[in-house]
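The block underneath contains the structure these notes are about, expressed in structure tokens.
Values in this text are rule-based calculations from the coordinates and carry no lab data. Just so it is clear, the model here is predicted, and its values are computed rather than measured. Cβ sites come from the backbone with ideal geometry, for glycine too, and all protein chains shown count toward neighbours.
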Amino acid sequence: MGWAANMFDCREWPGECTLAISGEEDEVVEAQLLHAMQAHGQQDGPDLRKLIRASLKPAPAGA
Ligand SMILES: [Zn+2]
């Protein structure tokens, strides 16, 4: 894969969720946004998007 992968790990957020999403940055943000609304009852908005984007980290290389 030539692009820089990004990962969101829901285990780092409060709760018992064990979800981890990886992919391109925009994909991960959108997927996690939906998940946060559906599974965590959060509301879409600039603050939530900013929080998700700030929580992204590089996916393990070569995985
Ligand atoms: Zn979650």
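Placing a label point 7 Å from the Cα of L19 along the Cα-to-Cβ direction, the residues of the range 31-58 whose backbone N falls under 17 Å from that point are 31-45, 48-57. For the range 1-45, the square roots of the Cα gyration tensor eigenvalues, ordered a ≥ b ≥ c, give a/c of at least 1.5 with a/b no greater than b/c, which places it in the oblate category. What's the angle, to the nearest 10 degrees (0 to 90), between helix 46-55's Cα axis and the longest principal axis of the chain? Here the helix axis deviates by roughly 40 degrees. Helix 25-40 and the longest principal axis of the Cα set of the chain meet at an angle near 30°.
For a quick protection proxy, order the peptides 21-33, 39-51 by their average other-Cβ count within 10 Å, most packed first. Let's see the in-between values first.
Numbers: 21-33: 16.8, 39-51: 11.7.
Peptide ranking by packing, descending: 21-33, 39-51.
Amide H to amide H distances under 5 Å link A59 with A5, N6, M7, where only residues 5 or more positions off or on other chains count and H is placed in the peptide plane.
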